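The values are calculated or read from the model by the stated rules, or taken from the named source; none is laboratory data. Note that this is a predicted model, so its numbers are computed, not measured. Ideal geometry is used to build each Cβ from the backbone, glycine not excepted, and the neighbour counts take in all protein chains shown. Quick note on the areas: whole protein, heavy atoms, side chains included, nothing else; ligands and nucleic acids left out. Shrake-Rupley method; radii C 1.70, N 1.55, O 1.52, S 1.80 Å.
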Amino acid sequence: MDRVLVATDFSPRSDRALRRASLIAHKTGASLTLVHVVDSDQPDRLIEADRAAASAVLDEIVRTLRAEDRLEADWLVKVDDVHSGILAAGDDISADLITIGSHRSRLRDVFVGTIAERVVRQSTRPLLVAIEIPSAHHRKTLLALDFDDASKSAGRNALAMGIFDHTHVVIMHAFDALGEGMLRRALESSEVIEDYVQMEGDGAADRLRALASELGLPPTSHSVVAVQGTPARTILESAQQAGSDLIVLGTNQRKGFERALVGSVTADVIRDARRDVLIIPVNETD
């Protein structure tokens, strides 16, 4: 990983993103670029005043990062819609990762229909939503996978980014025992139903182990778990049970967020997460 973009509006939630990005930069040797977006929908004199004020603050932050943290860092100011400015900045520097912050008490309002939602929905670059207050490197990662090409590409891309280095990885899949309802309607015994669900879970776990091998995860560095339930709730519960401090999700750029953002798995996970979430968009050409 060479370049990390940090979006900041100088709020406490943006400070979380900066602190997390700094830890990542120390770990990977990446350089940091801070971007602040000045709202373009205001008079020119206010734009210039905001630009000057933001430039002064960014310059001070970057000087501190260089002197105190020994990090390579620079900054830029964009005049645009906030989400468009962030995405444009990512393209300008060819960012390997974009980090943004999120405020717990207003996460639902921020995510649905506004800045974070638009960045996630439109970004072709990996995006880390920094939810926890960073105190150390991520130690335990939950990688939520399906068995489609998008999930496989997300796993490979995360490996290439070094996200899993020095962390324990739990690979999980939320499977659906489709025949369970039919068995219940047929008044089958609880033992028969439990055996069926267990068989489905074992099959999913076998496929996950094969996928972990295909992705190249060393068998000593990960656990594999298949959990029955709705995907978003199961992902969040699995992360809590595993003590994971990072959730990694892949989303198909054309089939995922554009089709149904509100209620989609990724949106639901970010909305209710109490730990950092890394979203890796996968284009159909990947």
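Listed values, structure above:
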| item | result |
| --- | --- |
| Lone qualifier among 256, 216 - being open to solvent by 30 Å² or more (accessible area, probe 1.4 Å) and either of a type in the set (Gly, Ala, Ser) or at pLDDT below 75 (or both) | 216 |
| Counted residues, the stretch 231-247 - those being in a helix (DSSP H, G or I) and either among the aliphatic types (A, V, I, L, M) or open to solvent by 20 Å² or more (accessible area, probe 1.4 Å) (or both) | 10 |
| Enumeration of residues in the stretch 16-49 that are in contact (Cβ under 8 Å) with a residue 40 or more places away in the chain and of a type in the set (Lys, Arg) | 16, 19, 20, 27 |
| Hits in the stretch 164-199 (condition: open to solvent by less than 70 Å² (accessible area, probe 1.4 Å), modelled with pLDDT of 80 or more and of a type outside the set (Ser, Thr, Tyr)) | 168, 169, 170, 171, 172, 173 |
| Extreme residue, farthest from residue 129 (Cα to Cα), among residues of the stretch 228-253 that are of a type in the set (A, V, I, L, M, F, W, C) and at pLDDT 85 or above | 242 |
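Yes or no, residue by residue, for (1) of a type in the set (D, E, K, R); (2) surrounded by 14 or more Cβ atoms within 10 Å (Cβ to Cβ); (3) touching a helix residue (DSSP H, G or I) at 6+ places or on another chain (Cβ under 8 Å):
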site	(1), (2), (3)
21	no, yes, no
29	no, no, no
39	yes, no, yes
44	yes, no, no
65	no, yes, yes
74	yes, yes, yes
83	no, yes, yes
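Every residue, every condition in (1) under 27 Å from residue 51 (Cα atoms); (2) at pLDDT below 95; (3) open to solvent by 40 Å² or more (accessible area, probe 1.4 Å); (4) of a type outside the set (A, V, I, L, M), yes or no:
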residue: 93; (1), (2), (3), (4): yes, no, no, no
residue: 129; (1), (2), (3), (4): yes, yes, no, no
residue: 146; (1), (2), (3), (4): no, yes, yes, yes
residue: 149; (1), (2), (3), (4): no, yes, yes, yes
